[in-house]
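Visitor: My questions will all concern the structure given below.
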Amino acid sequence: MEYSPSEIEKKWSKKWEEDSVFKSSNYVDGKPNYYLLEMFAYPSGKLHAGHLRNYTLGDAIARYKKMKGFNVLHPFGWDSFGLPAENAAIDHGAMPEEWTAKNIENMKRQLKLMGISYDWDREIATYKKEYYKFNQKFFIEMYKKGLVYKKKSYVNWCPDCNTVLANEQVEQGKCWRHGKTDVIQKELSQWYFKITKYAQELLDGHEELREGWPEQVLAMQKNWIGRSEGTSVEFNLNYNGENIPITVFTTRVDTLYGVTYVVLAPEHEIVEKVVLKEKPELKEQIDSMINEDKISREAADKEKTGVDTGLFVVNPVNNEKVPLYIGNYVLMDYGTGAVMAVPAHDERDYAFSKKYNLPIRQVIKGEDEKDGCAYTGKGTMINSEEFNGLSNVEAKEGIINKLVSLNKGEKKVNYRLHDWLISRQRYWGTPIPVIYDEEGNIYLEEEKNLPVELPTDINFKIKGNPITTSESFKHVVLPNGKLGRRETDTMDTFVDSSWYYLRYLDPKNPNIPFDKNDANSWTPVSQYIGGVEHAVMHLLYARFFHKVFCDLGYLSTNEPFKRLLTQGMVLANSYYSSKERKYLFEKDVELKNGKAYAKDTNEELVVKMEKMSKSKNNGLDPEELTKEYGVDAARLFTLFAAPPEKELEWNMNGVMGAYRFISRIYNIVEETGEILSKDYDDIDIEKRNKEDENLQRKVHKTIKKVTESMEDNFHFNTAIAATMELLNEISSYKQNVLDKSEKSSESNKIFKEAVVSMVLMISPFTPYIAEELWEKLGNKGYIYNAKWPEYIEKLTHSSEITMVIQVNGKLRSEMQVSANISKEEAEKLALENEKISQLIEGKTIVKVIVVPKKLVNVVIR
Ligand code: ANZ
Ligand code: ZN
């Protein structure tokens, strides 16, 4: 019988399903919980290689933990709201719901094919009303706690998505889904979650995550939250006899005597209230600043523009009057939207002051000052009244104290993090459970009316939000009997993914989202796996939700995910033809002597390793791939070719290698079926011969190595390499011992122990072949439920002894040898000993006397 993956895989897929092998319970007596979670999938329709990698990694861990005796929870679901379904509806007329359900069905089939051990009874899909109902419930509860509010402000707008975007969804000024589309600013009234209230808690939580999360992800979150310690300073604008305070935020209050003007963001309320009343002619210039994109306004190299308001403000410490400007480099949503400008010590202020001819006053004298730029280093205070002569660090404290006593300022902590804008002008998302009356007053939907269901009487062929075309949806009667209008914005899909890991605990409960006891015993999730691209969106939002849940009394743990593994990208070769620069599929390419040629034209192609993607035409379809070599080979290659967090270079030779490895195991078991199918009593260690001992030592060493590699952050590649070495030893033992009948009384038992351990150890990686061989080895149950093999420390060491070597009865040397060394072997080693071979060179050996385990005496003449 030859190894035939497709038959084996079909057979076990079916059995696993029929016997509900992967079904899990929330509680199993005596077993500790282990929650293994892979990021759920967007149902695009087909699995790609990135999915295959993510889920294979997760599956190997889940299966391993199960064998180690944990009660493993390993669920899966669908992040199934979002634009593509809606675009498909616009382009092809399919309803988003049908499109989504069909895609889920196909991907689920593919996942089952991949042998991933999901408990499908726990499957969830966020587009279902049974799920999004709870998004609405949380919205209402958060609103009541002051954690949701509506605010009019300038927001990011993607003209291609036709909706607003959260700050996290803008990358270098472009839409995260439309890399070429500039995000523009629109003034709109939008819904926000008050994530800023949790800024400090989110930072402090890093302490708990330090051990289990990649440093890089924590650094990205820290940076995004952007804690900054500074001072607020109140300047004073005297306008028509009225004193209007203008508060700035500064991290350099030591430079307060060097302020030569103050700058407002163009969106600052004073602009409308005062500036435009005085100088309406500035409106156009100010509006054009507002319309610049925020990201480039912040960039250091961006041209700074501003306008003089003609007004003056007063510096609280020296009562100096300085001009008030409006500048594009001041952002409304950081600090107070106003800055005190110190051109002598700040680069941006310096550039601005040069351009508009504003005075520069130095207040810190340093050693390494340079001409033509701001001095930003440390030094001694000058031009600063009573603070002159102090170091600027000392002066800072003094100036703060002075401001506090004048009641004009105080220490202040600021965060870059902004509230999370959650409303979207799209159809395919969770309806926001809010109604407005004719005056625009806000009413929350009553909980008993949830879910507010998505309507289906929709015309997708309009510009703008399709949901507004549903008459049935828009008009409602308020509790007071008056006519109301339903909110037509839907929620950001990141709301859905912020709590799905909790829903798996009780996925079908219609009354509550999840049970508190379950949440407390299953969170934080033991191990989470997904892409690093979610570092500041999903992973921050989910942490925020978890903390809100804690405050709302839903659970009492601090964090959602204890350990996080961010898997590396999958790369593959792209083939470029030089003339047309067009991409070619791998199947159109001929590989000869390490070079690539186009099959049709014979032209030599340029080969580049790039991120695997559809647009590069180098994508691979996991389903196609597995048809040829089997799922196990694809899985094994994926795990073996690179450590999980590193990039994985896809390589068909590697997949073939994995296939050959599996075939070899399969063949060995086939050929030795008679020995392996028997039951044996325990191995008697004393009766082993040298080969037995070597093989058994290798087996126990391998179990140790593989177990340690798994425990040490899942180094599958070293684990698999160790099993490959073991296979080599098993196969030479078979040839040299079993096939040649050089057996001891223990040889069959030791061989069986080796094969059984091997099969158990590969089962998390290549589950199909492992089940098949487990059955061939005469086992009744599933290997999925079997125990992980244990090693005996003593057996990992060789039991060596010291034998002395004599020449003509005189002690000349010693050697370390195996305790079961044969007489012939001992004689041979003694004669090969360096010292002995020198002594006996040119002499005649009369005889060699071997006293087992003691000595070798070489008699010469
Ligand atoms: C005066 C000053 C003098 C400043 C000096 C710096 C150097 P971080 O560290 O990021 O918190 N700033 C404050 N609010 C701003 C806003 N809305 N838009 C643009 N810039 C703003 O930076 C704080 C510094 O950034 C503040 O300290 C302020 O400039 C500026 F020699 O105040 B500084
Ligand atoms: Zn977009």
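The values are calculated or read from the model by the stated rules, or taken from the named source; none is laboratory data. Because the structure is a prediction, the values reported are computed rather than measured. Note that we place each Cβ from the backbone using ideal geometry, even for glycine, and neighbour counts take in every protein chain shown. Accessible surface is based on the protein model in full, side chains and every heavy atom, while ligands, DNA and RNA are left aside. Shrake-Rupley method; radii C 1.70, N 1.55, O 1.52, S 1.80 Å.
Visitor: Starting from 0.36 nm per residue, how many nanometres of slack lie between ASP600 and GLU439 once their C-alpha separation is accounted for?
Guide: The span from ASP600 to GLU439 would gain 51.0 nm if fully extended.
Visitor: Net charge within 10 Å of SER526 by Cβ-Cβ distance, Lys/Arg positive one each and Asp/Glu negative one each, not counting SER526 itself?
Guide: Cβ neighbours under 10 Å give a net charge of +3.
Visitor: Rg to Rh for the chain: what is it, with Cα atoms only and Rh by Kirkwood?
Guide: On the Cα set of the chain, Rg over Rh gives 1.09.
Visitor: What is the dipole size for region 56-164, taken about its Cα centre, with +1 at each Lys and Arg Cβ and -1 at each Asp and Glu Cβ, in debye to the nearest 20?
Guide: 660
Visitor: Assign one of three labels to region 310-367, namely rounded, prolate or oblate, based on the Cα gyration tensor with a ≥ b ≥ c the square roots of its eigenvalues; rounded applies when a/c is under 1.5, prolate when it is not and a/b is larger than b/c, and oblate otherwise.
Guide: Cα axes put region 310-367 in the rounded bin.
Visitor: Between region 304-340 and region 648-710, how many Å separate their Cα centres?
Guide: 75
Visitor: Starting from the Kirkwood Rh over alpha-carbon pairs, what translational D in µm² s⁻¹ does region 421-555 have by Stokes-Einstein at 10 °C and 1.306 mPa s?
Guide: Diffusion coefficient, whole number: 93 µm²/s.
Visitor: Right, here's the next one. Using a 1.4 Å probe on the protein heavy atoms, what percent of the accessible area of region 218-362 belongs to carbon and sulfur?
Guide: Carbon-and-sulfur percentage of accessible area, whole number: 48.
Visitor: Just to check I understand the Karplus step: with θ = phi - 60° and J = 6.51 cos²θ - 1.76 cosθ + 1.60, what whole-Hz values come out for region 779-791, glycine and proline as x?
Guide: 8, 8, x, 7, 5, 3, 9, 6, 8, 5, x, 10, 9
Visitor: Going by a 4.7 Å Cβ-Cβ cut-off, which cysteines of the chain have no partner at all?
Guide: When partners are defined as cysteine Cβ atoms under 4.7 Å apart, the chain leaves CYS373, CYS550 without one.
Visitor: Set Lys and Arg Cβ to +1 and Asp and Glu Cβ to -1, take the dipole of the chain about its Cα centre, and tell me which of LEU113, PRO510, ASN441 lies farthest positive.
Guide: The Cα lying farthest towards the positive end belongs to LEU113.
Visitor: If you don't mind, another one. I need the calculated FRET efficiency for the pair GLU824 and GLU207, taking r as the beta carbon distance and R₀ as 56 Å, to the nearest 0.05.
Guide: 0.30
Visitor: Also: Determine the per residue accessible area of the chain with all protein chains present and a 1.4 angstrom probe, expressed in square angstrom.
Guide: About 46 Å² of surface per residue is accessible.
Visitor: Calculate the radius of gyration of the Cα atoms of region 87-173 to one decimal place, then report Dmax, the largest Cα-Cα distance, as a whole number, both in Å.
Guide: In Å, with Rg to one decimal and Dmax whole: 18.2, 50.
Visitor: Put a dot 7 Å past each Cα toward the Cβ at GLU674 and LYS129; how far apart are the dots in nm?
Guide: Computed distance between label sites LYS129 and GLU674 equals 6.8 nm.
Visitor: While we're on this one: Between LYS378 and THR251, what length comes free when the chain is fully extended (0.36 nm per residue of separation minus the Cα-Cα distance, one decimal in nm)?
Guide: 44.4 nm
Visitor: Compute the projected area of the convex hull of the Cα atoms of region 706-770, averaged over all viewing directions, and report it in nm² to one decimal place.
Guide: Mean shadow area of the hull around the Cα atoms is 4.6 nm².
Visitor: Moving on to the next point. As a test of understanding, state the convex hull volume per residue of region 211-320 from its alpha carbons, in Å³.
Guide: 153
Visitor: In whole percent, what relative contact order does region 32-149 give with Cα contacts below 8 Å and a gap of six or more residues?
Guide: 32
Visitor: From the phi angles alone, apply the Karplus equation (6.51, -1.76, 1.60; θ = phi - 60°) to region 710-720 and give each ³J(HN,Hα) in whole Hz, x where the residue is Gly or Pro.
Guide: My calculation for region 710-720 gives 5, 5, 8, 6, 6, 8, 4, 5, 6, 4, 5 Hz in order.
Visitor: In terms of the Cα gyration tensor, with a ≥ b ≥ c the square roots of its eigenvalues, is region 34-159 rounded because a/c is under 1.5, prolate because a/b exceeds b/c, or oblate?
Guide: oblate
Visitor: Next question. Can you pull out the trypsin sites (Lys or Arg not before Pro) in region 617-652 that DSSP calls coil and that have at most 15 other Cβ atoms within 10 Å?
Guide: Passing both the DSSP loop test and the Cβ count: LYS646.
Visitor: Ok, one more. Amide H to amide H under 5 Å from ARG426: which residues, 5+ apart in sequence or cross-chain, H placed 1.01 Å off N in plane?
Guide: So ARG426 has HN proximity to THR490.
Visitor: Using DSSP to define loop residues, name the trypsin sites (Lys or Arg not before Pro) in region 208-268 whose beta-carbon has at most 16 other beta-carbon atoms within 10 Å.
Guide: Sites meeting the loop and neighbour criteria: ARG210.
Visitor: Here's a follow-up. Quickly work out the LYS273-to-ASN459 label distance, labels modelled 7 Å from Cα along the C-beta direction, and quote it in nm with one decimal.
Guide: 4.5
Visitor: What are the residues whose amide H is under 5 Å from the amide H of LYS412, where those residues sit 5 or more places off or on another chain and H is modelled from the backbone?
Guide: For LYS412, whose amide H was placed from the backbone, the distant partners under 5 Å are GLY230, THR231, SER232.
Visitor: What FRET efficiency comes out for SER4 versus ASP160 if R0 is 35 angstrom and r is the Cβ-Cβ distance? Round to the nearest 0.05.
Guide: Computed FRET efficiency for SER4 and ASP160: 0.10.
Visitor: How large is the convex hull of the C-alpha atoms of region 723-861 per residue, in Å³?
Guide: It is 146 Å³ per residue.
Visitor: Taking amide H positions as placed 1.01 Å from N in the peptide plane, with prolines and chain starts having none, which residues 5 or more places from THR336, or on another chain, fall under 5 Å of its amide H?
Guide: PHE249
Visitor: So for ARG660, ARG416, what's the accessible-area order with a 1.4 Å probe, most first?
Guide: So, going from the largest accessible area down, we get ARG660, ARG416.
Visitor: How far is helix 5-18 tilted, in degrees, relative to the longest principal axis of the Cα atoms in the chain, given as a value from 0 to 90 rounded to the nearest 10?
Guide: 70
Visitor: Bin all alpha-carbon pair distances of region 356-460 at 5 Å intervals from 0 and give each bin's fraction as a whole percent.
Guide: For region 356-460, the pair-distance distribution reads 2, 8, 10, 10, 11, 8, 5, 4, 4, 5, 9, 10, 8, 4, 1, 0.
Visitor: For region 11-106, what mean projected area does the convex hull of the alpha carbons give, in nm²?
Guide: 7.8
Visitor: Please name which of ILE270, LEU331, SER288 has its Cα lying farthest along the dipole of region 206-331 towards the positive end, using unit charges on Cβ (Lys, Arg +1; Asp, Glu -1) and the Cα centre as origin.
Guide: ILE270
Visitor: Translational diffusion coefficient, Stokes-Einstein: compute it for region 415-456 using the Kirkwood radius over C-alpha pairs as Rh, at 4 °C and 1.567 mPa s, and state it as an integer in µm² s⁻¹.
Guide: Translational diffusion coefficient: 102 µm²/s.
Visitor: A further question on this structure: Which of ALA125, VAL606, ILE730 sits farthest toward the positive end of the charge dipole of the chain, with +1 on the Cβ of Lys and Arg and -1 on the Cβ of Asp and Glu?
Guide: Result: ILE730.
Visitor: Could you work out how far helix 767-776 tilts from the main Cα principal axis of the chain, as a 0 to 90 degree angle to the nearest 10?
Guide: Compared with the principal axis, the helix lies near 30 degrees.
Visitor: Next question. Assuming R0 = 30 Å, what is the FRET efficiency of ILE845 and LYS690, from their Cβ-Cβ distance, to the nearest 0.05?
Guide: 0.80
Visitor: Determine the gain in length on full extension of the stretch SER813-ASP368; use 0.36 nm per residue of separation and subtract their C-alpha separation, reporting nm with one decimal.
Guide: Result for the pair: 153.1 nm of gain on full extension.
Visitor: Further question on the same structure: Mind giving me the nanometre distance, one decimal, between the label points for ASP588 and THR802, set 7 Å out from Cα along Cα→Cβ?
Guide: It is 7.2 nm.
Visitor: Roughly how many Å is it from the Cα centre of region 462-528 to that of region 152-215, as a whole number?
Guide: 20
Visitor: Moving on to the next point. Let me know the charge dipole size of the chain about its Cα centre in debye, to the nearest 20, where only the beta-carbon of Lys, Arg (+1) and Asp, Glu (-1) is charged.
Guide: Dipole size: approximately 1140 debye.
Visitor: Might you report the magnitude of the Cβ-based charge dipole of region 562-687 about its Cα centre, with Lys and Arg at +1 and Asp and Glu at -1, to the nearest 20 debye?
Guide: 980
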